[in-house]
Amino acid sequence: MIPIKIIADLFLTFSKIGAFTFGGGYAMISLLDHECVEKRQWITSDELMDVTVIAESTPGPIAINCATYTGYKMAGLPGAVASTLGIILPSFFLIFAVSRYFENILSVPAVANAFRGIRIAVAILIIRAAINMIRKMIKKSPRKKIQASMVAAFFFLVLALDFAGFSVSTIYLILASGLAGFFLFQGPAGQKAGGAAS
């Protein structure tokens with residue numbers, strides 16, 4: 001029998017994440033890391049990174065996928081349902097309420113200015129989440145130099161393409177990263193690096 005306390009804790013925790021995080025999935029990663037990894041230790045940082053990768057490769061937002069996975073890990077199907085409802089319902093009700101009065105709300109100067117400030121906070125949350133994930137990924141990897149080189153190479157490649165005016169689909173970046181990882185970590189170069197690290 002799954003304790004009701006765990007179900008309630010999952011629902012309330014993910015309700016808080018869903019209600020107080022602006023900016024979508026990427027902005028939620030920092031809060032997911034704080035609540036699920038650091039504070040409650042429901043999942044590891046590696047699991048959060050893997051869920052993020054899976055969410056980018058499959059349909060569904062990052063936050064919902066993470067909530068479903070964490071809930072299922074902690075309390076099976078009831079936990080998955082509670083966590084998923086927890087992260088969805090606050091956003092649904094907020095969006096429903098705002099959509100009815102959105103134009104009127106934005107016409108108020110104070111509210112419009114507040115939204116401008118929130119945009120800055122969202123950008124910072126996304127950058128912070130990316131930095132934390134890269135730091136943890138490289139820190140725990142026995143092949144730090146290879147992973148750090150991959151991060152730098154893809155970052156500068158995407159930056160150069162953006163400056164040149166080319167828009168690259170996320171799908172191609174994921175496929176290219178997967179292929180690069182396969183050959184670097186499974187091929188002869190990766191085995192040498194792994195042997196040297198161990």
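The values are calculated or read from the model by the stated rules, or taken from the named source; none is laboratory data. Here the structure is a predicted model, which means the values were calculated and not measured. Note that each Cβ is placed from the backbone with ideal geometry, even for glycine, and that neighbours are counted across all protein chains shown. Calculation scope for accessible area: heavy atoms of the full protein, side chains included, ligands and nucleic acids excluded. Shrake-Rupley method; radii C 1.70, N 1.55, O 1.52, S 1.80 Å.
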Exercise. Is it true that Val51 is closer than 28 Å to Pro3 by Cβ, open to solvent by less than 30 Å² (accessible area, probe 1.4 Å), without any contact (Cβ under 8 Å) to a residue 24 or more places away in the chain and in a helix (DSSP H, G or I)?
Worked result: yes
Seminar exercise, completed: Here the residues within the range 131-157 that are over 15 Å from Ala180 (Cα atoms), among the aliphatic types (A, V, I, L, M) and free of Cβ contacts under 8 Å to residues at least 24 places away in the same chain are Ile131, Ile134, Ile138
Problem set entry | Tabulated pairs, the range 172-184, first closer than 13 Å to Leu157 by Cα and hydroxyl-bearing (Ser, Thr, Tyr), second assigned to a helix (DSSP H, G or I) and open to solvent by less than 100 Å² (accessible area, probe 1.4 Å), C-beta under 7 angstrom, 6+ apart or interchain | Ser177/Phe154
For this session: Working only within the range 87-125, note down all residues that are at pLDDT below 85, β-branched (Val, Ile, Thr) and either open to solvent by less than 60 Å² (accessible area, probe 1.4 Å) or not in a helix (DSSP H, G or I) (or both).
Result: Val98, Ile105, Val108, Val111, Ile118, Val122
Exercise. Does the range 146-158 include one or more residues that are part of a helix (DSSP H, G or I), open to solvent by 90 Å² or more (accessible area, probe 1.4 Å), under 21 Å from Leu48 (Cβ atoms) and out of contact with any strand residue (DSSP E or B) (no Cβ under 8 Å at 6 or more places or on another chain)?
Worked result: yes
For this session: Sort out which residues of the range 126-138 are among the β-branched types (Val, Ile, Thr), surrounded by 13 or more Cβ atoms within 10 Å (Cβ to Cβ) and under 19 Å from Thr44 (Cβ atoms), and write them in order of number.
Result: Ile134, Ile138
Exercise. How about the range 32-44: which of its residues are open to solvent by 50 Å² or more (accessible area, probe 1.4 Å) and either touching a Pro at 6+ places or on another chain (Cβ under 9 Å) or closer than 12 Å to Ile17 by Cβ (or both)?
Worked result: His34, Lys39, Arg40
